[in-house]
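Student: Below are the structure tokens for one structure; questions will follow.
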Amino acid sequence: FTIGLNETQLGIVAPYWFKDTMVNTIGTRQTELALMMGTLFTSEQALAIGLVDEVHNEHEAVLAAATKKALQLSKIPKEARHITKMLMRQPTIDKLANGKTEDIGYFCSFIQQPQIQKPMGMYLEALKKKSKK
């Protein structure tokens, strides 16, 4: 499996709210490089840069790790956990809420450009061929 934002490989740009979330997760420099290159990370690479917290090869191990984390979080007072999380995320949420109309307008205008439509079409065709195999 891979994880990442490969929009630039398709000729488009990741929305700022993806970028902000990624910066909060792995830092500015790693995000800048990943977004410019359209990097899709392997599980091991994602773990090394902090994009994921753990990697497991077995379904049961994933469930056990998720259960353990959920139990740890459930022991933290709900309000303190919520406020702490919002301290980290509120600026991005506010920016998204306040600029939603402009963001949608920009994306719709951008995605309709011929130089964007062509690589997107090629990508969709490649996905169709891949799914038929």
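The values are calculated or read from the model by the stated rules, or taken from the named source; none is laboratory data. Note that the structure is predicted; figures quoted are calculated from it, not measured. Virtual Cβ from ideal backbone geometry, glycine too; neighbours counted across all protein chains shown. Remember, those area values only see protein heavy atoms, side chains included, never the ligands or the DNA or RNA. Shrake-Rupley method; radii C 1.70, N 1.55, O 1.52, S 1.80 Å.
Student: No solvent, one uniform scatterer per C-alpha: report log10 I(q)/I(0) for segment 83-133 via the Debye equation at q = 0.12, 0.27, 0.29 1/Å, two decimals.
Tutor: Taking Cα atoms of segment 83-133 as identical point scatterers yields -0.53, -0.94, -0.99.
Student: Further, regarding this structure: Would you look at the GNM of the chain, springs on alpha carbons closer than 10 Å, and say which of Ile93, Ile26, Ile83 moves the most?
Tutor: With Cα springs under 10 Å in the chain, the top fluctuation among Ile93, Ile26, Ile83 is at Ile83.
Student: Now for a different question. Less than 13 Å Cβ to Cβ from Met88, Lys/Arg counted +1 and Asp/Glu -1: what total charge do the surrounding residues give?
Tutor: On the way: positive: Arg81, Lys85, Arg89; negative: Asp20, Asp94.
Result for the local shell: +1.
Student: Can you give me the accessible area per residue for segment 75-133, using a 1.4 Å probe, in Å²?
Tutor: Normalised by residue count, the accessible surface of segment 75-133 is 90 Å².
Student: Report Tyr16's accessible area, 1.4 Å probe, all protein chains in place, as a number in Å² to the nearest 10.
Tutor: Per-residue accessible area (Tyr16): approximately 50 Å².
Student: While we're here: Quick one: if you stick a label point 7 Å off each Cα along the C-beta vector at Met120 and Glu102, how many nm between them?
Tutor: In this crude label model, Met120 to Glu102 measures out at 2.2 nm.
Student: Based on the Cβ-Cβ distance from Ile93 to Ile49, what FRET efficiency comes out when R0 is 25 Å, to the nearest 0.05? Don't jump to the answer; show the numbers that get you there.
Tutor: Details: r = 24 Å, r/R0 = 0.96.
Working from the Cβ atoms, E equals 0.55.
Student: Sticking with this one: Can you send over the solvent-accessible area of Met88, 1.4 Å probe, protein chains only, in Å² to the nearest 10?
Tutor: The accessible area comes out at roughly 120 Å².
Student: Something else about it: Taking +1 at the Cβ of each Lys and Arg and -1 at the Cβ of each Asp and Glu, which of Ser74, Gln30, Gly121 sits farthest along the dipole of segment 1-127 towards its positive end, judged by Cα position relative to the Cα centre?
Tutor: Ser74
Student: Right, something else. Full-extension gain between Phe1 and His56, please, as 0.36 nm times their residue separation minus the C-alpha to C-alpha distance. Walk me through the intermediate numbers first.
Tutor: Values: separation 55, 0.36 × 55 = 19.80 nm, distance 1.15 nm.
Gain on stretching Phe1 to His56: 18.6 nm.
Student: Pick the calculated percent of Cα pairs over 20 Å apart for this structure from (1) 49; (2) 55; (3) 63?
Tutor: (3)
Student: In debye, nearest 20: dipole of the chain around its Cα centre with unit charges on the Cβ of K, R (+) and D, E (-)?
Tutor: 300 debye
Student: Hey, any idea what % of segment 1-100's accessible area is carbon plus sulfur with a 1.4 Å probe?
Tutor: The value for segment 1-100 is 62 percent carbon and sulfur by accessible area.
Student: Sort Phe107, Phe41, Phe1 by heavy-atom solvent-accessible area, probe 1.4 angstrom, most to least.
Tutor: Descending order: Phe1, Phe107, Phe41.
Student: Separate question: Which of the trypsin sites (Lys or Arg not before Pro) across segment 36-79 are loop residues per DSSP, with 16 or fewer other Cβ within 10 Å?
Tutor: Taking segment 36-79 and a limit of 16 other Cβ atoms within 10 Å, the loop trypsin sites (Lys or Arg not before Pro) found are Lys75.
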